[in-house]
Amino acid sequence: MRRTIIITGGAGFIGNHVVRLFVNKYPEYKIINLDKLTYAGNLANLKDIENKPNYRFVKMDICDFDNVYKLMQEEHVDGIIHLAAESHVDRSIKDPFTFAQTNVMGSLSLLQAAKLYWESLPEKWEGKRFYHISTDEVYGALELTDPEGIIPPFTTKASSGKHHLAYGSKFFTEDLKYQPHSPYSAAKAASDHFVRAFHDTYGMPTVVTNCSNNYGPYQFPEKLIPLFINNIRHRKPLPVYGKGENVRDWLYVEDHARAIDLIFHEGKVAETYNIGGFNEWKNIDLIKVLINTVDRLLGRKEGEDMDLITYVTDRAGHDLRYAIDSTKLQKELGWEPSLQFEEGIEKTVRWYLDNQDWMDNVTSGDYLRYYEDMYSNR
Ligand code: NAD
Ligand code: TYD
């Protein structure tokens, strides 16, 4: 079947993996990458597929309703996979307006453009899909109830041996009440509500997924894993917020992209699916794995860079623990992560070390000013 799909935010971290997967796997589809190219968007992430005949890049702001609507009409778009967002919690603390603008108003502009276009067609909603990519952060924060760890409802390939254990007995399930704490997660929560409202009010065929923290190649080095890999390489301090006790649930980005592919095609309309690999790590434990891995791969003595760890002022409103329960996705659609965490981290560290040009490119200019501003007062 031929389809024309807009993927928003396709030049960003997760988006480029989703675009690549769709362009390569579905030559019969036309894939339109709609991206504003903010600081986080980078066309160098898509060099390997930019000349494929079924791929088109359009530089556009999702808030630009008129042009988004026009593009949908011109291209006869029947599917939207919406990833474009401002995505970094620390930036949202400094500048919440941009987050409300892009994540809330931008998502609404996209929804309204799709609604008007699809409603104008004779077949209306038939064969259409609006897939909104969201985050586990909308559920708020979980407690660290059991420092020894307990067995989560499922283990997956992503859970590494030692970290089969969870740090509490509660998990984020799809029916949980939203309790966002940061301006980032509040704006994502608002956009999730709008997507569901478009289904409930107008009958738009929507689906929403909430995923845990992603890691892998092409992530902008303001986020923990690429930032720390680069700092370890250059022997710069590693700014650990608070005591490093916060827990995040990590999933390799290509496993997220595979889940998106499956849910776009087989997920039920109006459903929500949580995506995660039951792979919880305390920040400080993860940072030690990163140090050991970078040291080893650079031929240094493993662990010799541990003294780069620098405890700094905690993030305001820092969520203590995220832990996704993805049982529904595993049982209903048969998704499973493909990679164990240690393999994923090894691949990721290798990628950043092998792609120093990419890192140098994105960390020049404005980035240096951002970095100094973000960390100078901590
Ligand atoms: P990212 O910041 O790396 O990329 C965002 C992309 O969106 C960039 O290419 C940027 O240019 C584009 N963009 C931003 N504002 C835009 C606008 N107004 N119009 C058009 N394009 C715009 O983000 P990411 O980490 O790839 O996250 C993608 C999506 O997945 C986001 O919606 C995020 O909330 C969600 N998510 C991320 C994670 C994670 O761990 N990174 C986890 C769960 C969910
Ligand atoms: P981050 O990668 O920003 O993702 P998120 O806040 O969306 O989970 O941060 C992951 C964890 O690492 C989070 O608990 C905050 C912490 N962190 C640090 O300790 N130092 C840093 O410099 C950064 C960027 C994050």
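Values in this text are rule-based calculations from the coordinates and carry no lab data. All figures in this text were calculated on a predicted structure; none of them were measured in a lab. All Cβ positions, even for glycine, are placed from backbone atoms using ideal geometry, and neighbour counts span all protein chains on display.
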Here the qualifying pairs (Cβ atoms under 8 Å; residues six or more apart or on different chains; first in region 30-42 and within 16 Å of ligand 2 (Cβ to nearest atom); second part of a strand (DSSP E or B)) come out as none
Of these, His76, His82, which one is in contact (Cβ under 8 Å) with a residue 24 or more places away in the chain and under 20 Å from the mean Cα position of the chain (by Cα)? His82
Tell me, which residue of region 292-319 that is touching a residue at least 60 places away in the same chain (Cβ under 8 Å) and outside any loop (DSSP other than H, G, I, E, B) is nearest to the chain's Cα centre (by Cα)? Val294
Could we say that Val104 is assigned to a strand (DSSP E or B), surrounded by fewer than 22 Cβ atoms within 10 Å (Cβ to Cβ) and away from ligand 2 (no atom under 16 Å from the Cβ) here? no
Check whether at least one residue in region 188-198 is in a loop (DSSP other than H, G, I, E, B) and surrounded by fewer than 23 Cβ atoms within 10 Å (Cβ to Cβ), and report yes or no. no
Go through (1) assigned to a loop (DSSP other than H, G, I, E, B); (2) buried (at least 20 other Cβ atoms within 10 Å of the Cβ); (3) aromatic (Phe, Trp, Tyr) for Phe154 and report which single condition fails. (2)
State whether the residues of region 17-31 include one that is part of a strand (DSSP E or B), touching a helix residue (DSSP H, G or I) at 6+ places or on another chain (Cβ under 7 Å) and either within 7 Å of ligand 1 (Cβ to nearest atom) or among the hydrophobic types (A, V, I, L, M, F, W, C) (or both). yes
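Here is a list: Trp281, Trp358, Trp351, Trp335. Which entry is in contact with a helix residue (DSSP H, G or I) (Cβ under 7 Å, 6 or more places away or on another chain) and either part of a helix (DSSP H, G or I) or farther than 29 Å from Glu143 by Cα (or both)?
Trp358
Look through Ile80, Ile133 and report the one residue that is surrounded by 22 or more Cβ atoms within 10 Å (Cβ to Cβ), part of a strand (DSSP E or B) and within 16 Å of ligand 2 (Cβ to nearest atom).
Step by step, each of Ile80, Ile133 is checked, and only Ile133 is surrounded by 22 or more Cβ atoms within 10 Å (Cβ to Cβ), part of a strand (DSSP E or B) and within 16 Å of ligand 2 (Cβ to nearest atom).
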Name the residues in region 265-300 that are surrounded by fewer than 20 Cβ atoms within 10 Å (Cβ to Cβ) and hydrophobic (A, V, I, L, M, F, W, C), would you? Val269, Ala270, Ile284, Val289, Leu297, Leu298
Go through (1) part of a helix (DSSP H, G or I); (2) loosely packed, with under 15 Cβ neighbours inside 10 Å; (3) within 16 Å of ligand 2 (Cβ to nearest atom) and name the single condition Ser185 misses. (2)
Qualifying positions in region 198-233 - among the polar types (S, T, N, Q) and in contact (Cβ under 8 Å) with a residue 40 or more places away in the chain: Thr206, Thr209, Asn210, Ser212, Asn213, Asn214, Gln219, Asn230, Asn231
Can you work out which of the residues in region 344-378 that are touching a residue at least 12 places away in the same chain (Cβ under 8 Å) and among the charged types (D, E, K, R) is nearest to ligand 2 (Cβ to nearest atom)? Arg378
Does any residue of region 245-258 turn out to be away from ligand 1 (no atom under 13 Å from the Cβ) and in a strand (DSSP E or B)? yes
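Which of the residues that make up region 361-374 are part of a helix (DSSP H, G or I) and loosely packed, with under 15 Cβ neighbours inside 10 Å? So that I can check it myself, show each step before the final result.
Initial filter on region 361-374 (part of a helix (DSSP H, G or I)): 361-362, 366-374.
Correct list: Asn361, Asp366, Leu368, Arg369, Glu372, Asp373.
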